[in-house]
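The values are calculated or read from the model by the stated rules, or taken from the named source; none is laboratory data. Quantities reported herein were computed from a predicted structural model and do not represent experimental measurements. So basically every Cβ, Gly included, is an ideal-geometry build from the backbone, and we count neighbours across all protein chains shown.
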There are 2 protein chains.
Amino acid sequence: MLDARDWFTEIDAKDGSAFSLKIKRKLHEEQTPFQKIEIYETETFGRLMVIDGCIMLSSRDNFLYHEMMTHPVLYSHPDPRRVWIIGGGDCGSLKEVLKHPEVETAIQIEIDEQVTRLAEQYFPELCEANGDPRARFEFQDGIQWVREATPDSVEVIIVDSTDPIGPAEGLFTEAFYRNCLRCLSRAGLLVQQSESPLFHLDLIYTMRAAMKAAGFREVHTLFFPQPVYPSGWWSATIACKAGLFPRVQDIQRQSFVTRYYNLAIHQAAFAAPDFFREAMARR
Amino acid sequence: MLDARDWFTEIDAKDGSAFSLKIKRKLHEEQTPFQKIEIYETETFGRLMVIDGCIMLSSRDNFLYHEMMTHPVLYSHPDPRRVWIIGGGDCGSLKEVLKHPEVETAIQIEIDEQVTRLAEQYFPELCEANGDPRARFEFQDGIQWVREATPDSVEVIIVDSTDPIGPAEGLFTEAFYRNCLRCLSRAGLLVQQSESPLFHLDLIYTMRAAMKAAGFREVHTLFFPQPVYPSGWWSATIACKAGLFPRVQDIQRQSFVTRYYNLAIHQAAFAAPDFFREAMARR
């Protein structure tokens, strides 16, 4: 039995599972206008950010998620000069995006400024690139941002949001995807975190269908481990205005350090399990 | 807070994490001469087998582990006629092995007969192939089995054991690997579950070093998701007497059903993360 004074537990009631991390102490707790944010110091996972009871990231394993939300999509675009990150307030995706020398501007559009302020304080390693002159911070609603943005104004949109309940719900709709498509330039790509391949097949199916209904030509789901998320197995889905154009030579000559990502991992991530292929084809 | 009457929790004290499944009821509990076995009915993961407090398998997700412990290694041998499974008492690996028409005999060497008897009762789907005339069951110590076996008597050895503490400890030693190597025929392969890439890098390093010290020419680690195991991310390591000889055409023409495994997954599983490559090279 886990003593609630020593452990943080996220219960996934629908899937009848729970994941716990041993904590040393709670560092911060606040209710923002959007959500409740908690920060813990854990025994073995470094620091932990929790939003509305759901684990967002730990110091120890966030590199898996952040690398896989950014490098596969950026290396699949021929010329990713302008990048938007919708959500991503912890700045971990921004940091990875700015490792790419081709990127000229990266705009992080996060609805809740406090997520970024707390990341600066408690996860400074994720905010190392925040002073990069190519980075811009907009604390506003990403849904409205894409609704009002100029057509043809971005190469890659990264939707790094919480689960599709609460403020992030509108990020999983055909209307949102349609606006993204309008903003994207010719070979534009959208990537979005798409939950667990084991637990959330229905959601992934619905997302992919909405992306196609919005006019994206192709969708590709990629898979990676993420120990602190439900089932420990996670996915991201890329929607393509034209297709994927992997810059294999650039990946081979990668000029920056990653901990998980490399060319073999890039190619491997797109391998879909049989049950997944069937579930996507069947419905 | 999880009520211990409704949840089974496995605590990984060393890594400061815990995984829990909601249970309907306990179906069985017994102390055998080797270990304590418990069987639960869960809310969403089907049935659950626990040995000495560690989750062995659930009905819902064991296909990941069993497919990845068998198909990559069998399809990497030119002619896998004779197969031994050391451990594997739940018969899930045996069932996958017997899907291969090339296999002429599969011997399951499990130290604790009760694991198999309880699997027959509570996981009948894993025991479907137990009546196959190619299957043979030996309830004895796998370490002694390989010590006493005839040289050149097996093509593939699958070590499907519990963690390297208790009865399975001797399965992670150079002496054991040396005996396996002697038993293997010319292009023989050994595969062994090798724990979590995130939590157990030291163990994987030590295993691989012991395999090489025992005389295996190459070792290859493969990676796959396994939600009910610590960190949700697992590995298996293949030791090769000569090398890997993937039968790509046979995989493409695969005559049986799998839920996770396919050619793309086979190739993807061998992609090693950067941090893993470094950890294996550095020590």
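A few comments on the model shown:
- Total residues in the range B:93-105 satisfying the condition of being buried (at least 24 other Cβ atoms within 10 Å of the Cβ), of a type in the set (A, V, I, L, M, F, W, C) and either more than 24 Å from B:Pro151 (Cβ to Cβ) or without any contact (Cβ under 8 Å) to a residue 60 or more places away in the chain (or both): the figure is 1.
- Checking B:Ser93, B:Ser185 one by one, the residue that is touching a helix residue (DSSP H, G or I) at 6+ places or on another chain (Cβ under 8 Å) and of a type in the set (Gly, Ala, Ser) is B:Ser93 and no other.
- Of the residues making up the range B:274-283, just one is of a type in the set (Lys, Arg) and within 11 Å of chain A (Cβ to nearest Cβ), namely B:Arg277.
- Scope the range B:248-283; condition exposed (fewer than 12 other Cβ atoms within 10 Å of the Cβ) and part of a loop (DSSP other than H, G, I, E, B); matching residues: B:Arg253, B:Ser255, B:Phe256, B:Val257, B:Arg283
- Looking across the range B:206-216 at every residue that is assigned to a helix (DSSP H, G or I) and surrounded by fewer than 16 Cβ atoms within 10 Å (Cβ to Cβ), the one that is farthest from the other protein chains (Cβ to nearest Cβ) is identified as B:Ala213.
- Subset of the range A:162-186 (residues that are buried (at least 21 other Cβ atoms within 10 Å of the Cβ), more than 19 Å from A:Leu57 (Cβ to Cβ) and under 17 Å from the mean Cα position of the chain (by Cα)): A:Phe172, A:Phe176, A:Tyr177, A:Cys180
- Filter result for A:Ser185 (among the hydroxyl-bearing types (Ser, Thr, Tyr), touching a residue at least 12 places away in the same chain (Cβ under 8 Å) and in contact with an Asp or Glu (Cβ under 9 Å, 6 or more places away or on another chain)): yes
- Selection count, the range B:93-127, where residues are in a helix (DSSP H, G or I) and out of contact with any Phe, Trp or Tyr (no Cβ under 6 Å at 6 or more places or on another chain): 18
- Complete set of residues in the range A:135-186 that are at pLDDT 95 or above, part of a helix (DSSP H, G or I) and not charged (D, E, K, R): A:Gly142, A:Ile143, A:Gln144, A:Trp145, A:Val146, A:Ala175, A:Phe176, A:Tyr177, A:Asn179, A:Cys180, A:Leu181, A:Cys183
- Being under 22 Å from B:Ser255 (Cβ atoms), in contact (Cβ under 8 Å) with a residue 24 or more places away in the chain and either assigned by TED's automatic domain parsing to the domain that holds B:Ser235 or assigned to a helix (DSSP H, G or I) (or both) holds for only one residue in B:Asp90, B:Asp79, and it is B:Asp79.
- Evaluated against (1) out of contact with any helix residue (DSSP H, G or I) (no Cβ under 6 Å at 6 or more places or on another chain); (2) loosely packed, with under 15 Cβ neighbours inside 10 Å; (3) within 18 Å of A:Phe176 (Cβ to Cβ), A:Pro151 falls short on exactly one condition, (1).
- Search result, residues across the range A:217-254 that are within 14 Å of chain B (Cβ to nearest Cβ) and farther than 25 Å from A:Asp274 by Cα: A:Ile251, A:Gln252, A:Gln254
- When restricted to residues that are without any contact (Cβ under 8 Å) to a residue 12 or more places away in the chain and over 19 Å from B:Ser59 (Cβ atoms), the range B:15-43 contains 3.
- Among all residues of the range A:228-247, there is none that is out of contact with any Asp or Glu (no Cβ under 6 Å at 6 or more places or on another chain), without any contact (Cβ under 8 Å) to a residue 12 or more places away in the chain and assigned to a loop (DSSP other than H, G, I, E, B).
- Selection from the range A:22-80 of residues that are of a type in the set (Lys, Arg) and either over 26 Å from A:Asn262 (Cβ atoms) or modelled with pLDDT under 95 (or both): A:Lys22, A:Lys24, A:Arg25, A:Lys26, A:Lys36, A:Arg47
- Among the residues making up the range A:2-51, those that are assigned to a strand (DSSP E or B) and facing chain B (nearest Cβ under 8 Å) are A:Trp7, A:Thr9, A:Ile11, A:Ser17, A:Ala18, A:Phe19, A:Ser20, A:Leu21, A:Lys22, A:Thr42.
- Close contacts from the range B:262-273, counting a first residue that is more than 7 Å from every other protein chain (Cβ to nearest Cβ) and a second that is of a type in the set (Phe, Trp, Tyr), with Cβ to Cβ under 7 Å and a gap of 6+ residues or different chains, come to B:His266/B:Tyr75; B:Ala269/B:Phe223; B:Ala269/B:Phe224.
- The residues on offer are B:Leu203, B:Leu189, B:Leu222, and the sole one that is in a helix (DSSP H, G or I) and under 16 Å from the mean Cα position of the chain (by Cα) is B:Leu203.
- Within the span defined as the range B:188-199, every residue fails to be more than 9 Å from chain A (Cβ to nearest Cβ) and surrounded by fewer than 23 Cβ atoms within 10 Å (Cβ to Cβ).
- The one condition in (1) closer than 22 Å to B:Phe137 by Cβ; (2) over 17 Å from the mean Cα position of the chain (by Cα) that B:Thr42 fails to fulfil: (1)
- Filtered residue count, the range A:202-217, keeping only those that are touching a Cys at 6+ places or on another chain (Cβ under 7 Å) and farther than 11 Å from A:Leu190 by Cβ: 1
- Residue match in the range A:73-82 (condition: within 17 Å of the chain's Cα centre (by Cα) and within 14 Å of another protein chain (Cβ to nearest Cβ)): no
- Some residue of the range B:121-142 being closer than 22 Å to B:Gln226 by Cα and either without any contact (Cβ under 8 Å) to a residue 24 or more places away in the chain or surrounded by fewer than 18 Cβ atoms within 10 Å (Cβ to Cβ) (or both): yes
- Restricting attention to the range B:60-73, the residues that are touching a strand residue (DSSP E or B) at 6+ places or on another chain (Cβ under 9 Å) and either under 13 Å from B:Lys95 (Cα atoms) or assigned to a loop (DSSP other than H, G, I, E, B) (or both) add up to 9.
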